[in-house]
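*Asks:* Take this structure first; my questions come after.
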Amino acid sequence: MLRFIGISCIILAHVAAPNWIYQWRTFDVPLMVFVSGLVLANKTRIDSVVKYWIKRSKRLLIPVYLFLLLYIGGTYLFSVANGTNMPFTDSQIIESFFLLEGIGYVWIIRVFLLIAILAPLYIRLALDVHKKYIFFMLIILFSLIPDAAIHLGFANESFILREYILYAIGYGAVFLVGLKSASKQIWDGWRELLGYVCIFILLCVCCLYRNGSLPLLSVYKFPPQSLFILYGVIVSWLLWNVVRLFSFSDGMLKSFILFVGQNTIWIYLFHIPFVYYLGEQVEQWWLRFIFIYVISIILCFSKNKVLDLYLERYSWVSYLKG
């Protein structure tokens, strides 16, 4: 359910929705990282770190690189056939394969890859920190490090720090909270949540005093900073506890939510071309959202049906599903 909410909000961000919606849904990528923490929480140890890294890297990079090759290659052929200029520069194409800004949107995969690489370390850290107040201070520290790096000018001076290390630290805080939340009873941990809320409000007040207006959360997203990180932690924790209050009976709705949740990467990748080329052809943002979301799900479903025909004969096909 949480992955379904997360991917829905991510696509919502790309259809030019009203600004209040755009700001409200900025918890989407943190929520996906939070879910990764929940999923890996039962792994008290990873037998082979290298094997784990290879497996996770394949799951993330094979779909993305295949999509980029097909998408960029198809765009090039379309441009040649129509006598138009290629919309992407050489530098944008290269950056895309390094999961940087590039053609846009693929930076999210870099976040997931960084968290996957550091997951064994974060799991060990979550296991070693037993006292709640120390863990709380650790999350606050992680959320403030990017702020300090930017304020002191270090982020502008170092590409590696700005594009990799600060992302690993900021989203690492959300991942750690996900790890710790998995084993807790519903609403257990509300005191820590209250602490995160108080710090978040304090930071908002500081921004209001300094800038004369409340902060726009999207401004603090690249790289992730304290306001963005804490907002993601707060909303993710609340959603995790709320969804556990409900249960869906077997049926089409549950099957639909499970399918979307299990295929978030490909649904995300399939939505990219439609965001580019649909543009303003559909005037209402909500119609753009419905169209892009539905067509992405249909394409993903069709892809899986085709791959099912070859899954038993070729084990590598599994990396192109889910």
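*Asks:* What single numbered condition from (1) open to solvent by 80 Å² or more (accessible area, probe 1.4 Å); (2) more than 12 Å from V15 (Cβ to Cβ) fails to hold for W286?
*Replies:* With respect to (1) open to solvent by 80 Å² or more (accessible area, probe 1.4 Å); (2) more than 12 Å from V15 (Cβ to Cβ), W286 is out only on (2).
*Asks:* When the residues of region 289-318 are filtered to those that are more than 19 Å from I7 (Cβ to Cβ) and assigned to a helix (DSSP H, G or I), which remaining residue is modelled with the lowest pLDDT?
*Replies:* Filtering region 289-318 for residues that are more than 19 Å from I7 (Cβ to Cβ) and assigned to a helix (DSSP H, G or I), the one modelled with the lowest pLDDT comes out as W316.
*Asks:* Return yes when L238 is assigned to a helix (DSSP H, G or I), under 19 Å from the mean Cα position of the chain (by Cα) and either surrounded by fewer than 19 Cβ atoms within 10 Å (Cβ to Cβ) or free of Cβ contacts under 8 Å to residues at least 12 places away in the same chain (or both) and no when it is not.
*Replies:* Yes: the conditions hold for L238.
*Asks:* Which residues, taken from region 53-107, are open to solvent by 40 Å² or more (accessible area, probe 1.4 Å), of a type outside the set (A, V, I, L, M, F, W, C) and without any contact (Cβ under 8 Å) to a residue 24 or more places away in the chain?
*Replies:* Those that are open to solvent by 40 Å² or more (accessible area, probe 1.4 Å), of a type outside the set (A, V, I, L, M, F, W, C) and without any contact (Cβ under 8 Å) to a residue 24 or more places away in the chain: K55, Y76, N82, G83, T84, N85, T89, D90, S91, Q92, E95, E101.
*Asks:* Out of curiosity, is S218 surrounded by 11 or more Cβ atoms within 10 Å (Cβ to Cβ) and of a type in the set (S, T, N, Q)? Let's see the steps before the verdict.
*Replies:* Numbers: surrounded by 11 or more Cβ atoms within 10 Å (Cβ to Cβ): yes; of a type in the set (S, T, N, Q): yes.
So S218 fits the description; yes.
*Asks:* Oh, and also: Provide a single number: the residues in region 222-242 that are farther than 17 Å from L193 by Cα and out of contact with any Pro (no Cβ under 9 Å at 6 or more places or on another chain).
*Replies:* Residues that pass the stated criteria total 1.
*Asks:* On to the next question. Kindly provide the set of residues from region 191-213 that are surrounded by 12 or more Cβ atoms within 10 Å (Cβ to Cβ) and in contact with a helix residue (DSSP H, G or I) (Cβ under 9 Å, 6 or more places away or on another chain), ordered by number.
*Replies:* Within region 191-213, E192, L193, G195, Y196, V197, I199, F200, L203, C204, C207 qualify.
*Asks:* Also: Would you check if S158 is over 19 Å from P30 (Cβ atoms) and either among the charged types (D, E, K, R) or out of contact with any Cys (no Cβ under 6 Å at 6 or more places or on another chain) (or both)?
*Replies:* So S158 fits the description; yes.
*Asks:* For F112, are the conditions met, namely being more than 22 Å from V15 (Cα to Cα) and open to solvent by 30 Å² or more (accessible area, probe 1.4 Å)?
*Replies:* Yes; evaluated as a whole, the condition is true for this residue.
*Asks:* Need the failing condition index for Y105 against (1) out of contact with any Leu (no Cβ under 7 Å at 6 or more places or on another chain); (2) farther than 16 Å from W266 by Cα; (3) in a loop (DSSP other than H, G, I, E, B), just the number.
*Replies:* Failing condition for Y105: (2).
*Asks:* If you don't mind, there's one more thing I want to ask. Does S183 satisfy being out of contact with any helix residue (DSSP H, G or I) (no Cβ under 9 Å at 6 or more places or on another chain) and of a type in the set (S, T, Y)? Can you show your working first?
*Replies:* On the way: out of contact with any helix residue (DSSP H, G or I) (no Cβ under 9 Å at 6 or more places or on another chain): yes; of a type in the set (S, T, Y): yes.
For S183, the condition - out of contact with any helix residue (DSSP H, G or I) (no Cβ under 9 Å at 6 or more places or on another chain) and of a type in the set (S, T, Y) - is met.
*Asks:* Please work out which one of (1) farther than 21 Å from I5 by Cβ; (2) among the polar types (S, T, N, Q); (3) not in a loop (DSSP other than H, G, I, E, B) is the condition Q281 fails and give its number.
*Replies:* Against the list (1) farther than 21 Å from I5 by Cβ; (2) among the polar types (S, T, N, Q); (3) not in a loop (DSSP other than H, G, I, E, B), Q281 comes up short only on (3).
The values are calculated or read from the model by the stated rules, or taken from the named source; none is laboratory data. As the structure is a computational prediction, the values presented were derived from the model and not from experiment. Positions of Cβ are generated from backbone atoms using ideal geometry, with glycine treated the same way; all protein chains shown enter the neighbour counts. SASA here: full protein model, heavy atoms, side chains in, ligands and nucleic acids out. Shrake-Rupley method; radii C 1.70, N 1.55, O 1.52, S 1.80 Å.
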